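Every number in this text was worked out from the coordinates using simple rules, so none of it is lab data. Model, not experiment: these values are computed from the prediction. Every residue, glycine as well, gets a Cβ built from its backbone with ideal geometry; the counts of neighbours run over all protein chains shown.
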Amino acid sequence: FLNYATAIVATGVIVGAATYLATPKGVETVTAPGATTTVTAPGGATTVTVTAPPGGTTTTPFMLSPFDIRTNEAEWVDTKPFRKDPPWIIGICTAHRAPSWMAIWLKEIECEINALAESEPGVKLVDKVISVDSASDVSKELGNMRDLVSAGADVIILDPVDPKGSAPIVEEVVSKGVPVILPKNYCETEKYTAYSNNDEVQFGYTTAKWLAEKLGGKGNILVFRGIPGYGVDLQRWAGAEMVFKQYPNIKILASEYGQWDYTTAKKLAVDMLAAHPKFDGIWSMGGQMSAAMVDAMLEAGYDVSKYPHAGEDYNGFCKQIIKYNIPACMSCKPVWEGRVGVRNAFDALRGLPVRKNNVFPSPFFTAEDAKRIVRPDLPDQVWVSTTLPGAILKQMFA
């Protein structure tokens, strides 16, 4: 069995990028049992040859990106050079903290550190945690990372500001014997210790594909992106752009960077609606930005049930979908990803092997799914993929 990012093996059919990109959603793809299929990533970056097991037919549920093929190679890192006796100092360096997603992500990390710190009775595993933010500034990130090393950090959990710009500091820190863990965003260097993330390219592709099909392949749309130069933004847009290039009759009237933040996106949404009052749908790579757009449309007198909207699994957006009968889809960046990073960090400090790269599918939800995943008892700011108890979430966003 090959992991999903190199190929989907289901009921006897190998599904890869070439198949997905060439086959409309819902159309069955048939591979004879035992047949060998060669899958070439978009752009010809990597070719993978796989053999189908016995079976019949299936649909094409996921897409593949060259990055995903590269990062899912079965490579394990020997962390014995990083092994240190506890107690440890854990460093955390974030790129930004504006959206509520980041607050929950950090809380998930805190809870996982606390749980693992108590995993060996009688042994103090964690001395302290030092957490800093770089405010989307690479130069500030450089200083933060060096400060963490000077403060004695034994491992750093990093959310890189910029895939290329952050690479030199990652290489510098690792060269000093401090492992760097990337649990939500990538960096263009091979020197990091472990990377784990959802498939951001798939996130963009599947939501854009849904919107294109919902619009019948034509129409004018408004777009919300995240933060310029940030890896998650670049990957999600790469996936969405693949789709929009296939549909030349879909026109992007306006594209704005909403910073994944409700307040920033709300102002931009008001301006977008004033400049482009006639449009057919919305593609947004962030849930709080989607919620901001819906509120702006309601205030401007739009019937939001007539506008297909591709967004993200923000609890507030789920509530809007249900209340206003919005035709919508959502992908998801599981907010528990930080816990995977903490486990990699602890394993590295114990000298245990860690997987170099681990990319997993981005969940996909429709308007019908919103009724199942919504948390009506919790604040809008919650992200439905969280593992945190409701009591903690209510306290965080009281």
* Structure fact -> HN-Hα couplings for region 270-277 via Karplus (6.51, -1.76, 1.60; θ = phi - 60°), in whole Hz with x for Gly/Pro, come out as 4, 5, 4, 5, 5, 7, 9, x
* To do: Report the one residue of 326, 316, 342 whose Cα lies farthest in the direction of the positive end of the charge dipole of region 292-361 (charges on C-beta: Lys and Arg +1, Asp and Glu -1; origin at the Cα centre).
  => 342
* **Hz values of 3J(HN,Hα) by residue in region 385-398 - Karplus curve (6.51, -1.76, 1.60), Gly and Pro given as x** => 7, 5, 9, 6, x, x, 4, 5, 5, 5, 5, 5, 10, 5
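When the dipole is taken about the Cα centre of region 234-319, and only Lys, Arg (+1) and Asp, Glu (-1) are charged at their Cβ, what size is it in debye, to the nearest 20?
With Lys and Arg at +1 and Asp and Glu at -1, about 180 debye.
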* Asked: Using bins 10 angstrom wide from zero, how does P(r) for region 200-331 break down, in % of all Cα pairs?
  -> 14, 50, 33, 2
* Asked: Can you list the lysines whose alpha carbon is less than 27 Å from that of residue 176, not counting same-chain residues fewer than 8 positions off?
  -> 80, 84, 124, 128, 140, 164, 184, 191, 356
* Using Cα positions and a limit of under 23 Å, work out the lysines in reach of residue 214, with same-chain residues fewer than 8 apart set aside. => 25, 245, 251, 278, 306, 319, 323, 333, 371
* Grab the beta carbon distance between residue 110 and residue 147, set R0 = 22 Å, and tell me the FRET efficiency rounded to 0.05. => 0.65
* Structure fact -> Listed by chain and number, the residues whose amide H is under 5 Å from that of residue 188, excluding neighbours fewer than 5 places away on the same chain and using placed H, are 164, 167
* Structure fact -> HN-Hα couplings for region 357-374 via Karplus (6.51, -1.76, 1.60; θ = phi - 60°), in whole Hz with x for Gly/Pro, come out as 9, 9, 10, 10, x, 8, x, 10, 10, 9, 4, 5, 5, 4, 5, 8, 9, 4
* Structure fact -> With a Förster distance of 56 angstrom and the Cβ-Cβ distance between residue 246 and residue 398, calculated FRET efficiency to the nearest 0.05 equals 0.80
* Add +1 for every Lys or Arg and -1 for every Asp or Glu among the other residues with Cβ under 13 Å from the Cβ of residue 80, and state the total. => +1
* Structure fact -> Once normalised by the length of region 200-331, the mean sequence separation of its alpha carbon contacts under 8 Å that are 6 or more apart gives a contact order in percent of 27 percent
